[in-house]
Amino acid sequence: MDGESEQEILLEESIFIDAEDESKGRIVIFTINRPDKLNALNKLVTSAIKQASKKVMNEESIRVAIFAGASPNKPLEGKRSKPNSFVAGADISEFKGKKSEEIFEIFSDNCWEAVWKIEKPTIAMIDGFALGGGCELAMSCDIRIATERSVFGQPEINLGLIPGGGGTQRLTHLVGYGKALELILSGKFIDAEEAYSFGLINHICSPDNLRNKTIELATTIGSKSSHTLKIAKSAVRMALNHPIDEGIQKELRVFSDLFDTEDKEIGVNAFLEKKTPNWKGR
């Protein structure tokens, strides 16, 4: 890992939702910073992502978390620049010599599940390669925004493996059984247009507009009641795990429970009085 540290390998940036009122919370951008390795996931990166996920859960001021990959460094004279990459997969050198029980233990406590279990909204800001574990990291986020030059795939089959960070499950939920199986069995890559047509990503934009578009959406989401955002996310997640009739009953229960919250009163009164709600998060 050549002197890398968690502080250097996962950069953190905060943006206040309202620059004039910091009490309204902030957006945090976590940037995987291994551009010379195409931001590949090694042990240090995955540990840092798990710690970042805990931070998002524990710090009330964080409303939305964004995950991104660092842009390529300027190349040395006479050298070609590295391509852009969100995360180009796992660091395959760490697989060499590993056996099943060791891998099972490592992957049982992994960064993809840590991001997936964040109760607050998460966005993947993708520019370039999102392959293998990188595609899985993007799918662990709630929303994916990608540049037109981005590339997606689950190429583990080419190593004699299958996805191990939730790819077989989340890809199927997002794009359907047939397309998921085709991508996993073939190991082929798809471009952003095809990924968008499958429903793998939510938005496509130019590289110059990626940051602004992502922050704009994060700000819109983060300006809502933090309590209601968590409830809304959990309610939508129920559709992945429950039959529709059961999900609708659970939705009715949590919808009704929101009528006992302070933020419901604030929201309804603000709407009727044509004012901007000042949420309390409860």
Just a yes or no: is a residue in the range 78-85 touching a residue at least 12 places away in the same chain (Cβ under 8 Å), in the same structural domain as residue 32 (by TED's automatic domain parsing) and buried (at least 24 other Cβ atoms within 10 Å of the Cβ)? yes
Which one of 44, 11 is surrounded by 12 or more Cβ atoms within 10 Å (Cβ to Cβ), part of a helix (DSSP H, G or I) and either basic (Lys, Arg) or in contact (Cβ under 8 Å) with a residue 12 or more places away in the chain (or both)? 44
Taking residue 229 as the residue in question, decide whether it is surrounded by 18 or more Cβ atoms within 10 Å (Cβ to Cβ), within 28 Å of residue 254 (Cα to Cα) and at pLDDT 95 or above. yes
Among the residues of the range 140-169, the number that are in a helix (DSSP H, G or I) and in contact (Cβ under 8 Å) with a residue 40 or more places away in the chain is 2
So, in the range 56-66, of the ones that are in contact (Cβ under 8 Å) with a residue 24 or more places away in the chain and assigned to a helix (DSSP H, G or I), which residue ends up surrounded by the most Cβ atoms within 10 Å (Cβ to Cβ)? 56
Report, ordered by the first and then the second residue, all pairs with beta carbons closer than 9 Å, sequence separation of six or more or different chains, a first member in the range 249-270 that is within 15 Å of residue 236 (Cβ to Cβ) and in contact (Cβ under 8 Å) with a residue 24 or more places away in the chain, and a second member that is of a type in the set (Val, Ile, Thr) and surrounded by 13 or more Cβ atoms within 10 Å (Cβ to Cβ). 258/228; 258/231
Please tell me if residue 68 is modelled with pLDDT of 90 or more, closer than 29 Å to residue 162 by Cα and not hydroxyl-bearing (Ser, Thr, Tyr). yes
Counting only residues in the range 181-212 that are acidic (Asp, Glu) and farther than 20 Å from residue 158 by Cβ, the one surrounded by the fewest Cβ atoms within 10 Å (Cβ to Cβ) is identified as 208
Looking only at the range 14-41, how many residues end up being in contact with a Pro (Cβ under 8 Å, 6 or more places away or on another chain) and in a loop (DSSP other than H, G, I, E, B)? 1
Evaluate the range 124-146: report whether one residue or more is out of contact with any strand residue (DSSP E or B) (no Cβ under 6 Å at 6 or more places or on another chain), over 17 Å from residue 89 (Cα atoms) and of a type in the set (Val, Ile, Thr). no
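The values are calculated or read from the model by the stated rules, or taken from the named source; none is laboratory data. Remember, it's a predicted structure, so these values are computed and weren't measured experimentally. Cβ coordinates were reconstructed from backbone atoms using ideal geometry, including for glycine residues, and neighbour counts include every protein chain displayed.
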